[in-house]
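The block underneath contains the structure these notes are about, expressed in structure tokens.
Nothing in this text is a laboratory measurement; each read-out follows from the coordinates by a stated rule. Small disclaimer: the values here were computed from a predicted structure and weren't measured. Note: ideal-geometry Cβ built from the backbone for every residue, glycine included; neighbour counts use all protein chains shown.
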Amino acid sequence: AQSVTQLGSHVSVSEGALVLLRCNYSSSVPPYLFWYVQYPNQGLQLLLKYTSAATLVKGINGFEAEFKKSETSFHLTKPSAHMSDAAEYFCAVSDGMNRDDKIIFGKGTRLHILP
Amino acid sequence: DTAVSQTPKYLVTQMGNDKSIKCEQNLGHDTMYWYKQDSKKFLKIMFSYNNKELIINETVPNRFSPKSPDKAHLNLHINSLELGDSAVYFCASSRGLEAFFGQGTRLTVV
């Protein structure tokens, strides 16, 4: 069964500093990996996804993530944090696109941006 | 135009009541889901439907009954509500890998 582990339930960075949110996955087959963002009182929005093409994936709002099979990791980064990046971030994994495949979410990391 | 819309956005009700949450998507997707997000923000899948057919039914109490009248709608009916049912319920739809989420329904059972 697939799963994801997000390291750190809360991460604080200063405005303008590097953002690094960590995610490790477990999957018996080559995984599809995702990062979603949830702003307060809103639904989840897809930031980026890895689908076995390029290992470095670029997403919206300047975020990117790198798939590292040897480390079973899919960490999310952004070179320079902005106040508007404060939100909850979820890493997720799926085995595939079959009808009974499901997206499994990590427990989330709350990103705080310090002025 | 809202892609995945849920109603109501907030729902406060007493223990023992029966309530429904409605979800509609206008994306033409074949698959729809219900997720539950608890107070610690943990997201857990409850059900998925594909073209009105139940595909995934996680270990959810049978007080929860999803209904899909057509592939654009997936409603969630909850009988005999309990305090522990308080959470935010998210509807989502997908075709392929990307899931689109509604704004959520915050259910509070008192």
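Here is how the numbers come out for the structure above:
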quantity	calculated
Environment charge of residue B:70, counting only residues whose C-beta is closer than 11 Å and scoring Lys/Arg +1, Asp/Glu -1	+2
Total formal charge among the other residues, if their Cβ is under 15 angstrom from that of residue B:18, Lys/Arg +1 and Asp/Glu -1	+2
Neighbouring partner chain Cβ atoms per residue of A:86-93, average, 10 Å criterion	1
Which of A:82, A:10 has the fewest Cβ neighbours within 10 Å, and the rest in rising order	A:10, A:82
Kirkwood-type radius of chain B, with distances r between different C-alpha atoms, in Å	13.8
In sequence order, calculated HN-Hα J values of region B:52-64 (Karplus, 6.51, -1.76, 1.60; Hz; x Gly/Pro)	6, 9, 5, 10, 10, 9, 6, 6, 10, x, 6, 5, 9
Förster radius 25 Å - calculated FRET efficiency between residue A:29 and residue A:107 (Cβ-Cβ, nearest 0.05)	0.65
Spin-label pair residue A:52/residue B:54, simplified geometry with 7 Å Cα→Cβ offset, distance in nm	3.2
Ranked list, fewest to most other Cβ atoms within 10 Å of each Cβ, for A:32, B:35	A:32, B:35
Per-residue mean of C-beta atoms belonging to partner chains within 10 Å, peptide A:44-50	3
At q = 0.14, 0.16, 0.22 Å⁻¹, base-10 log of I(q)/I(0) for chain A (Debye sum, equal scatterers on each alpha carbon)	-0.52, -0.68, -1.24
Per-selection Rg to Rh, region A:37-77 - Cα, Kirkwood hydrodynamic radius	1.03
